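Following: one structure in structure tokens, then a few remarks.
The values are calculated or read from the model by the stated rules, or taken from the named source; none is laboratory data. Quantities reported herein were computed from a predicted structural model and do not represent experimental measurements. FYI the Cβ positions are ideal-geometry reconstructions off the backbone, even for glycines, and counts take in every protein chain you see.
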Amino acid sequence: MSERRAGQVLQRIAAYLLAAGGLVWVFHDVNGPALAKYLLRFNAWWVALGLLLDTLSYAAQGYRWHLLLRPLGRIGPLRTTQAVYAGLFVSEVLPMRVGEIVRAYLVSLWMAKDIVAVVPSMALERLSEGIWLAAGLGVTAIFVPLPHDFLVAGDIFGLVVLVLTGIFLTLIFRKKREAPGSGPEKPVRPNLLRRLLSVPGRLEGGFRSIGISPSSIAAFFMTLLHLALQAVSFWCVMKAYGLPFSLWVGAAVSLIVRFGIALPNAPASVGTYQLFCVLGLTAFGLGKTEAAAFSIVVFILLSLPLWVLGFFALSQSGLTLLAVRERLKSMRAHG
């Protein structure tokens with residue numbers, strides 16, 4: 001087994017161990033009969049509202065991506081939303097967030113562009129989410145007492161976001177590099193090496209083309225809508241379940257869960273989702289058994305529409321899970 005292949009296997013094993021460890025911690029001292037009782041109680045109207053808002057949040061994400069891709073060419077918001085759902089579905093089935101590669105591949109295929117050209121728009125999606133999450137954490141801390149460890153982690157996260165924002169602004173405002181061919185003649189390199197060396201410059205060009213424009217500003221505020229809809233949908237499930245928490249507490253727990261599943265992990269973030277959901281709820285005084293039951297309910301309810309719509313989006317794209325696996329193997333072999 002090659003060193004690269006061994007590293008990939010170890011990453012996958014670590015992801016599954018983290019998921020298993022999270023589930024063991026969540027359920028190891030939970031009261032079984034009480035858990036079953038908690039699982040059976042919920043209000044269908046609040047559930048319906050939560051599912052609707054969650055679905056709209058991904059539509060907002062798709063529209064945001066459509067705005068960020070404008071400098072690259074024309075692609076409609078329905079197409080970008082389809083790619084978002086297809087990618088989410090693949091990430092629910094396969095580990096390590098490979099759905100991000102799938103949605104980038106689909107959009108590059110539909111726009112007849114190289115996949116590297118799509119990456120800057122996706123990086124700016126994550127950067128804008130980081131900015132709003134850091135700001136949301138600060139605002140939420142004013143209204144509800146957050147766990148100290150989470151505040152420390154939030155401070156570190158905010159510092160990282162600040163640094164990344166500075167790098168982005170530097171890239172788009174600094175003087176453009178000398179065009180190829182205008183300087184001294186450089187030795188000819190093999191085609192593959194030339195392509196690899198050109199990637200940083202192409203990414204920088206992509207960031208610069210998006211820049212600070214009406215579309216990118218609109219996309220930045222669309223991120224706020226996307227995150228707000230997800231937080232409110234999470235709170236709606238809390239209301240459906242009968243938990244006596246305010247919207248601010250719901251937003252805080254949603255933030256904790258989002259931070260917890262941010263890194264690539266097991267398929268559907270199973271294990272880590274439940275772990276951070278229980279950590280968040282118990283920090284606000286909820287018993288562990290009830291928190292564990294709720295972590296199952298909210299995970300299933302908010303995942304169901306994603307699975308259904310994601311499966312439909314992937315099937316309509318002409319791509320299959322088998323094809324995704326084969327393309328990933330091909331990319332790793334040439335990586």
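Brief remarks on what is shown
- Residues of the stretch 132-175 classified as of a type in the set (A, V, I, L, M, F, W, C) and under 26 Å from Phe207 (Cα atoms), total: 18
- Residue list for the stretch 217-249, filter: in a helix (DSSP H, G or I) and among the polar types (S, T, N, Q): Thr223, Gln230, Ser233
- Filter result for Gly211 (at pLDDT below 90 and on the phi > 0 side of the Ramachandran plot): yes
- Cβ pairs under 6 Å, 6+ apart, first in the stretch 126-153 and farther than 17 Å from Phe284 by Cβ, second among the aromatic types (Phe, Trp, Tyr): Ser128/Phe220
- Breaking point among (1) buried (at least 20 other Cβ atoms within 10 Å of the Cβ); (2) closer than 20 Å to Phe168 by Cβ, for Val116: (1)
- Ala251 vs. criteria in contact (Cβ under 8 Å) with a residue 12 or more places away in the chain and more than 13 Å from Val298 (Cβ to Cβ): yes
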